[in-house]
Amino acid sequence: MSGGHPSPLVNRAREAALAAYAPYSEFRVGAVVVTSDGEEVIGVNVENAAYPSSTCAEASAIANAVAMGARKIDTIVVACIDAPDVEAAYPCGRCRQIMSEFDVKNVVVTGGRGTRTRTHTLDELLPHRFNL
Ligand code: THU
């Protein structure tokens, strides 16, 4: 699904991205999760000089929500504010699997300023997923 006008949640994710720690890639990402209790929790990507030790914004937002007691997440909004378009703003495979653990239903993605917003179900982004 495509959307034009940014929702308050999309604006919140964009604002969160301003605090991203991304000195290596200069690709800032912010995420907001909405828990099943309606709580909103943010996260940003946190990079590291040892590149693989970096954390994505989605993983960071989900970890923050879990630390606050959440076990189910309805929606995650991801704002890749340095992406040229929405196509370059989709979550990586690892983050999709992390979303799956907490039953994320909807994934909203958006790129840099003025880019479109797209909404997907996690089933669309991660079909035939692994689960125990
Ligand atoms: N990144 C995220 O935080 N989320 C995404 O959906 C895409 C990629 C981060 C990882 C790394 O810090 C930077 O963006 C470039 O890959």
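Here, each number is a calculation from the coordinates, and none is a lab measurement. Quick caveat: nothing in here was measured; it's all calculated off a predicted structure. As a convention, Cβ positions derive from the backbone with ideal geometry for all residues, glycine included, and neighbour counts pool all protein chains shown.
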*asked:* Take Ser100 and Glu26, extend 7 Å from each Cα along the Cα→Cβ direction, and tell me the distance between the two endpoints in nm.
replied: 3.5
*In a Gaussian network model over the chain where Cα atoms closer than 10 Å are linked, find which of Ala67, Ala50, Ala17 has the largest mean-square fluctuation.*
Ala50
*On average over all directions, what projected area in square nanometres does segment 5-70 have, based on the convex hull of its Cα atoms?*
4.8
*Set the Förster radius R0 to 30 Å, insert the Cβ-Cβ distance between Val46 and Ser7 as r into 1/(1 + (r/R0)^6), and round the FRET efficiency to 0.05.*
0.75
*Go ahead and estimate [θ] at 222 nm for the chain from helices alone: -39,500 (n - 2.57) per DSSP H run with n ≥ 4, summed, over the residue count, rounded to 500.*
-7000 deg cm²/dmol
*Computed over the Cα atoms of segment 59-127, what is the convex hull's projected area averaged over all directions, in nm²?*
4.4
*Based on the Kirkwood radius over alpha-carbon pairs, what is the Stokes-Einstein translational diffusion coefficient of segment 1-110 at 10 °C with 1.306 mPa s viscosity, in µm²/s?*
116
*Considering only segment 2-125, percent of DSSP beta bridges that pair antiparallel, nearest 5*: 75
*Just subtract the alpha-carbon distance of His128 and Arg71 from 0.36 nm times their residue separation and send over the number in nm, one decimal.*
18.4 nm
*Fewest to most neighbouring Cβ within 10 Å: what's the order for Met68, Met99?*
Met68, Met99
*With a sphere of radius 13 Å drawn around the Cβ of Leu122, what net charge do the other residues whose Cβ falls strictly inside it have (Lys, Arg +1; Asp, Glu -1)?*
-2
*Val104: net charge of surrounding residues, Cβ under 13 Å, Lys/Arg +1, Asp/Glu -1, itself excluded?*
-1
*With the contact rule set at Cα under 8 Å and sequence spacing of 6 or more, what percent relative contact order holds for the chain?*
24
*Dipole size in debye (nearest 20) for the chain around its Cα centre, Lys and Arg Cβ +1, Asp and Glu Cβ -1?*
80
_Per-residue Cβ neighbour rank within 10 angstrom, fewest leading, Phe27, Phe102, Phe130_ = Phe130, Phe27, Phe102
